[in-house]
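Undergrad: Quick one: this structure, given as structure tokens, is what I'll be asking you about.
The values are calculated or read from the model by the stated rules, or taken from the named source; none is laboratory data. Everything quoted here is computed from the prediction, not taken from an experiment. Ideal geometry is used to build each Cβ from the backbone, glycine not excepted, and the neighbour counts take in all protein chains shown. SASA here: full protein model, heavy atoms, side chains in, ligands and nucleic acids out. Shrake-Rupley method; radii C 1.70, N 1.55, O 1.52, S 1.80 Å.
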Amino acid sequence: MKFQTTLLAACAALVLPHAMAAQRGAIAQPSAAEIPKLCKQSIAQAKTRIEGLKALPLDKVTAKSVLGAWNQLDIGLQDIGGPIGLLSETSPDPEVRKAAEACDLLLSALPNEYLQSDALFQRVKALRTTDPIDTMARQSILDDFEERGVSLSADKRDRAKVIFERLDKLSQDFSRNVRDVTTKLAFAETALTGVPPAALVNRAKDAQGNFLFGLDYPEYDAIMNNVQVEATRKAFWTAFQQRGGQANLDLLKEAVQLRLELARLMGDSSYADWSLKRKMAGKSVAVNRFLEDVQGRVEALERKELDELRAEKAAVTGEKDAVLKRWDLALFQQGLKKARYSVDQREVRAQFPIDPTIDWMLRVTSTLYGVQFRANKSLPVWQPEVRGYDVFDSASGKYLSSFYLDLFPRDGKYKHAAAFGVRGVSLAAQRTPISVLVTNFNREGFDQNELETLFHEFGHILHGVLSRTRYVLNAGTGVKRDFVEAPSQMFEEWSRRPETLAYFAKVCPTCKPIDPKLIERMNASRAFGKGIQYARQRLYSAWDMALHTPTTVDPMQTWIELEGKTPLGHEVGTLVPAGFGHVMGGYQAGYYGYMWSEVLALDMRSAFGANAMDTKVGTRYRKLILESGGQRHPTELVEAFLQRKPSPDAFFREITGQTNAPRAAAALTRQ
């Protein structure tokens with residue numbers, strides 16, 4: 001999931017071209033030449049608002065004069081930052097991406113300045129609230145002030161400001177180094193035995209007639225899931241694990257050092273403890289205890305699954321003493337699942353072509369949550385294949401929001417799958433939201449993993465476009481970071497339930513009917529690989545936490561040490577941390593949040609019982625979870641939805657493949 005900081009998020013109406021500003025649901029798309037001027041105007045406008053708020057007499061402090069003004073400040077900055085952040089990662093024009101990055105740095109520097117203003121801090125602090133939403137907003141803003149160092153001495157504030165600005169630049173550079181990778185690997189046709197024929201049709205070749213493969217996910221899947229030649233898999237996998245290179249390792253190392261310095265400036269011994277104060281976990285000890293629990297439950301299962309894959313490799317290759325390597329995992333998992341469960345991902349792709357699958361997902365979602373999605377081809381897009389949609393409430397017919405789908409890979413585009421919250425809702429300002437789904441799917445259709453990814457990321461989109469919060473700062477995914485994945489993880493289930501699949505024929509009566517036996521086999525095949533999957537997630541999380549202790553560490557060396565202790569060990573020459581953008585883009589000391597939030601996601605999913613299309617439960621979920629955004633604490637929301645305290649039982653059953661896992665010793669509770 002890609003995030004834009006709430007205060008840095010879409011051009012204010014006063015500075016946008018009039019026609020674009022007037023079109024409902026449109027995203028500003030200024031040219032490279034226009035961006036600097038728009039950026040300068042928006043920053044000047046924001047500074048005027050800031051000075052006005054600073055000058056507010058303390059006896060005139062009210063929710064309207066402070067929170068209302070703050071909301072307008074957020075909106076003005078979001079109206080430039082949202083489109084700029086999106087274009088920096090998706091524009092086909094490298095000059096636009098360059099100009100957008102420069103503007104993004106200027107925007108990110110602004111809160112480093114005004115959130116250190118004592119005069120501004122005192123106005124928010126003086127506010128007395130009785131309304132719970134206002135109270136939550138006030139506290140969130142005060143936390144932002146403290147996080148930027150408003151209470152520090154002048155010299156420490158200055159140093160903190162320098163660190164924040166440098167960290168923003170390091171994050172931007174890190175992302176660009178992965179996004180703009182142009183590596184092409186050349187393989188002779190004989191080296192591609194097993195690759196789907198469609199992957200070679202119209203593929204570029206080098207002067208010697210070898211096929212050229214880049215490092216986008218469709219190409220990764222084509223080779224790693226299918227190619228029988230081990231040398232090809234090893235070469236491609238190694239190149240993929242080197243994205244970002246030494247340059248990104250250097251950026252990450254500097255970032256880790258600066259974070260520790262920042263934490264010490266703030267009076268904490270580690271960056272993790274400083275950062276976790278605003279997350280559900282609260283403290284490092286809670287995270288580490290959770291990760292130990294996960295490891296204890298999946299360790300034996302991981303080894304069992306690896307032994308089965310090793311046996312599969314030996315059977316396929318005829319090598320009695322075959323050694324299983326990391327570049328073997330995808331291929332032999334696919335082979336084992338095909339043999340054991342009769343699941344062929346090519347058959348899955350044929351079952352789920354792109355357009356009907358998108359239509360099906362939208363029909364399922366609209367039915368479950370009482371909304372309507374209407375394609376809107378008049379919305380301006382940044383690339384011809386991008387699709388725009390408007391969202392309406394089914395009962396009232398009222399327009400709610402808009403979203404876009406940018407589905408396929410291209411040069412210079414963000415390399416992963418993410419939801420960009422370009423514009424947050426604000427009921428107080430009568431402001432409607434806009435979100436953008438950015439992915440890199442195969443044009444031939446969705447395989448099992450891509451189908452799950454589609455629903456996962458659309459879960460984030462729903463969190464944005466169905467949000468109904470008073471203030472922008474609480475909109476959509478403006479929740480605690482270790483809860484933000486919960487709505488998206490929960491929605492993955494809707495990609496594989498019989499009740500939802502029944503709707504496929506309704507949106508595409510001419511499509512090949514959904515084969516219920518295939519779906520049964522797909523669902524059964526999900527049981528294999530859970531130990532490997534969650535052991536890897538635990539490794540990423542433990543490494544992330546190890547980077548942010550009271551001691552300075554080298555990120556790459558720490559990775560080598562931790563990965564070296566796993567059953568498959570560390571492969572010399574690979575640079576996984578160089579391409580692991582989460583620890584540079586918002587999930588630092590927070591990657592554990594993927595599993596932490598999944599505990600809540602799977603528990604919430606249980607409320608639907610045997611009927612995933614229960615519209616009464618769907619309506620309650622929409623109202624309580626999706627519409628509430630960050631206006632209420634996540635634990636409070638989940639308890640209200642479940643009508644009981646959260647339980648981790650469903651999560652531990654999921655990660656171990658058990659149906660009756662014992663109740664965990666400690667549930668996730670508010671810290």
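Undergrad: Multiplying the sequence separation of V162 and Q643 by 0.36 nm and subtracting their Cα-Cα distance, what value in nm do you get?
TA: Going from the current span to full extension adds 168.5 nm.
Undergrad: Kindly rank 151-157, 382-388, 428-434 from highest to lowest mean number of other beta carbons found within 10 Å of each residue.
TA: 428-434, 382-388, 151-157
Undergrad: Which shape class applies to the range 188-337: rounded if a/c is under 1.5, otherwise prolate when a/b exceeds b/c and oblate if not, where a ≥ b ≥ c are the square roots of the Cα gyration tensor eigenvalues?
TA: oblate
Undergrad: How far apart, in nm, are two points set 7 Å out from the Cα along the Cα-to-Cβ line at K338 and at K184?
TA: Placing both labels 7 Å along Cα→Cβ, they lie 2.9 nm apart.
Undergrad: How long is the chain along each principal axis, judged by its Cα atoms, biggest number first, in Å?
TA: Extents along the principal axes: 82, 59, 57 Å.
Undergrad: Using only alpha carbon pairs under 8 Å that are at least six residues apart, calculate the relative contact order of the range 460-601 and give it in whole percent.
TA: 33 percent
Undergrad: At 7 Å along the Cα-to-beta-carbon direction for both Q533 and L212, put a label point, then send me their distance in nm to one decimal.
TA: Simple spin-label model gives 3.6 nm for this pair.
Undergrad: Find out how many positive minus negative residues lie around Q345, taking Lys and Arg as positive, Asp and Glu as negative, among other residues whose Cβ is under 10 Å from that of Q345.
TA: Overall, the nearby charge balance is -1.
Undergrad: Evaluate E = 1/(1 + (r/R0)^6) for L142 and E34, where r is the Cβ-Cβ distance and R0 equals 51 Å; express this FRET efficiency to the nearest 0.05.
TA: Working from the Cβ atoms, E equals 0.90.
Undergrad: Please give the length that would be gained between D411 and N202 if that part of the chain were fully extended, namely 0.36 nm times their separation in residues minus their C-alpha to C-alpha distance (nm, one decimal).
TA: 73.5 nm
Undergrad: Which one, A486, S31, T469, projects farthest toward the positive side of the charge dipole computed for the chain from Cβ point charges (K/R +1, D/E -1)?
TA: T469
Undergrad: Please list, in order along the range 313-324, the HN-Hα scalar couplings obtained from phi with the Karplus expression 6.51 cos²θ - 1.76 cosθ + 1.60 (θ = phi - 60°), rounded to whole Hz, x for Gly and Pro.
TA: With coefficients 6.51, -1.76 and 1.60, one gets 5, 4, 5, 6, 8, x, 8, 4, 9, 4, 9, 7 Hz.
Undergrad: Please give the contour-minus-distance gain from E444 to S151: 0.36 nm per residue of separation, less the Cα-Cα distance, rounded to one decimal in nm.
TA: 99.9 nm
Undergrad: What is the dipole size for the chain, taken about its Cα centre, with +1 at each Lys and Arg Cβ and -1 at each Asp and Glu Cβ, in debye to the nearest 20?
TA: 1340 debye
Undergrad: Follow-up. Round to the nearest 10 and report in Å² the accessible area of H416, as given by a 1.4 Å probe over the protein chains' heavy atoms.
TA: So the heavy atoms of H416 present about 50 Å² to solvent.
Undergrad: Please give the residues of the range 628-658, grouped as numeric ranges, whose backbone N is less than 17 Å from a label point set 7 Å along the Cα-to-Cβ vector of K304.
TA: 652-658
Undergrad: Okay, moving on. Mind checking the dipole of the range 461-562: about its Cα centre, +1 per Lys or Arg Cβ, -1 per Asp or Glu Cβ, Debye to the nearest 20?
TA: 460 debye
Undergrad: Separate question: For a quick check of understanding: with a 1.4 angstrom probe and all protein chains in place, what accessible area in square angstrom does D390 have, to the nearest ten?
TA: For D390, the solvent-accessible surface is approximately 10 Å².
Undergrad: Also, quick follow-up: Principal axes first, then extents: for the Cα atoms of the range 131-253, list largest minus smallest coordinate on each axis, whole Å, largest first.
TA: 66, 37, 24
Undergrad: With a sphere of radius 12 Å drawn around the Cβ of G424, what net charge do the other residues whose Cβ falls strictly inside it have (Lys, Arg +1; Asp, Glu -1)?
TA: Result for the neighbourhood of G424: +2.
Undergrad: To continue, here is another question. What number comes out for the charge environment of T656, summing +1 per Lys or Arg and -1 per Asp or Glu over other residues with Cβ under 10 Å away?
TA: Summing Lys and Arg as +1 and Asp and Glu as -1 gives +2.
Undergrad: Another question, then. Report the Cα centroid-to-centroid distance between the range 556-623 and the range 478-494 in angstrom, as an integer.
TA: Result: 10 Å between the Cα centres.
Undergrad: Using 7 Å Cα-to-Cβ label points, what is the T615/R653 separation (nm, one decimal)?
TA: Inter-label distance under the simple model: 2.8 nm.
Undergrad: Go ahead and estimate [θ] at 222 nm for the chain from helices alone: -39,500 (n - 2.57) per DSSP H run with n ≥ 4, summed, over the residue count, rounded to 500.
TA: -16000 deg cm²/dmol
Undergrad: Which one of L142, Q41, P83 has its Cα pushed farthest toward the positive end of the charge dipole of the chain, where Lys and Arg give +1 and Asp and Glu give -1 at the Cβ?
TA: L142
Undergrad: How would you order 483-496, 238-251 from highest to lowest mean count of nearby Cβ atoms within 10 Å?
TA: 483-496, 238-251
Undergrad: If you don't mind, another one. I'd like the FRET efficiency for A231 and A350, computed as 1/(1 + (r/R0)^6) with the beta carbon distance as r and R0 of 30 Å, rounded to 0.05.
TA: Using R0 = 30 Å, I get an efficiency of 0.50.
Undergrad: Among L642, A578, G529, whose Cα projects farthest towards the positive end of the dipole of the chain, with charges put on the beta-carbon of Lys, Arg (+1) and Asp, Glu (-1)?
TA: Among L642, A578, G529, the one farthest towards the positive end of the dipole of the chain is L642.
Undergrad: Can you grab the distance from the C-alpha centre of the range 209-276 to the C-alpha centre of the range 372-410, Å, no decimals?
TA: That distance is 32 Å.
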